[in-house]
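As structure tokens, the structure follows; a few thoughts come after it.
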Amino acid sequence: MDLSIVLPLLGVLVVAAGFAGVLAGLFGVGGGIILVPAYYYVFSATGFDGPQLMQVCLATSLASIIVTSTRSVMAHNKRGAVDWAILRTWAPGIALGALVGVFIAAGLRSEALAVIFAVLAMLVGLYLAFGRKDWRIAAQMPGIVTRSVLSPVLGFLSVLMGIGGGSFGVPLMTLYNVPMHRAVATAAGFGLLIAVPSVLGFLFVTIDGAPPWTLGAVNGPAFVVTICMTVLTTPLGAKLAHALPALVLRRIFAVFILIVAANMMREALWG
């Protein structure tokens, strides 16, 4: 493969991975919302643009989220911001939804998954951009019945996007009166609950025409580059998250998600 093509693309991946680490700490998102589009671009540009390319992007992103979310949870926990009671009670449903998400994602074409990614990201971004600070569903997190419905849905949708728990978990928790900074910190833990079972499932998925050194649907080189950068930059994001006002944090998150979603929709529909 031509090094004049590979080296610039490797540079893109290094920058994207470093930025994803900052986002993981800053927003509790695990970095997937930038990694999936970055992987899609890198793999497509190097000639690996088959009908199952998005599965590789999702699985590799989720594999990296295991590392970035662990790092992010540790950084936030040092500040006492993680709500472990929420994590314990939501864990079974999130993990179950993630496994169902792997099963569904394995049977979809790249274009369909890319459109799903873009649409869901736009909905989250619009809520964060225009939702009112005082919007609440209830004064506390839901009980077992509602939680049994919401937790699998959160895990399922996150796998279809290849993301951690922040993009859905943060809006959900704030609607249930969890303070923004605590929601961000706890959502980093959601990322682990989503990524671990889903990656185990993706390791048994067969991908035709996958990039070199891909195990199941997880690409090894992209995973290694990503974690090498994110372990360095995630603590920076966590530090920044606690330095910013909650409203500023919310608006930055919203604008970023909308930009990424629009670009992914463009890639999916027009190439």
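The values are calculated or read from the model by the stated rules, or taken from the named source; none is laboratory data. Worth saying up front: this structure is predicted, and the values here are computed from it rather than measured. Glycine gets a Cβ as well: all are built from the backbone with ideal geometry, and neighbour counts include every protein chain shown. Areas reflect the complete protein model, heavy atoms only, side chains present, ligands, DNA and RNA absent. Shrake-Rupley method; radii C 1.70, N 1.55, O 1.52, S 1.80 Å.
Of note:
- Derived scalar couplings between HN and Hα for segment 228-233 equal 4, 7, 5, 5, 7, 9 Hz in order, rounded to whole Hz, by the Karplus curve 6.51 cos²θ - 1.76 cosθ + 1.60 (θ = phi - 60°), x for Gly and Pro.
- Length released on extending from D134 to W213, taking residue separation times 0.36 nm less the Cα-Cα span: 23.6 nm
- Using a Gaussian network model of the chain in which every pair of alpha carbons under 10 angstrom is joined by a spring, one finds that among L126, L258, L249 the greatest mean-square fluctuation is at L126.
- Solvent exposure, largest accessible area first (probe 1.4 Å, DNA, RNA and ligands not counted), of T68, T46, T89: T89, T46, T68
- Which of P179, G164, S198, positive extreme of dipole for the chain (C-beta unit charges): P179
- Helix 110-130 axis, angle to the chain major axis (alpha carbon atoms, nearest 10°): 30 degrees
- Distance between the 7 Å Cα→Cβ label points at R109 and L269: 1.7 nm.
- With the simple spin-label model, which puts each label point 7 Å out from Cα in the Cβ direction, the L96 to Y127 separation comes to 2.1 nm.
- Approximating the spin labels as points 7 Å out from Cα along Cα→Cβ, the T146-to-I259 distance works out to 3.5 nm.
- When the Cα convex hull of the chain is projected onto planes of every orientation, the mean area is 12.8 nm².
- Extension gain for T46 to V15 (0.36 nm times residue separation, less C-alpha to C-alpha distance): 9.4 nm.
- Crossing angle, helix 3-27 versus the chain [Cα axis fit, 0-90 degrees, rounded to tens]: 10 degrees
- In this structure, the amide hydrogen of L215, modeled 1.01 Å from its nitrogen in the peptide plane, lies closer than 5 angstrom to those of G220, counting only residues at least 5 positions away or on a different chain.
- For segment 164-175, 3J(HN,Hα) computed residue by residue from phi via the Karplus equation (6.51, -1.76, 1.60; θ = phi - 60°) reads x, x, x, 5, 9, x, 5, x, 4, 5, 5, 5 Hz, glycine and proline entered as x.
- Rounded tilt (10° steps) of 246-270 against the dominant C-alpha axis of the chain: 30 degrees
- Judged by the gyration tensor of its Cα atoms, with axes a ≥ b ≥ c, segment 136-271 is prolate; a/c meets the 1.5 cut and a/b is the larger of a/b and b/c.
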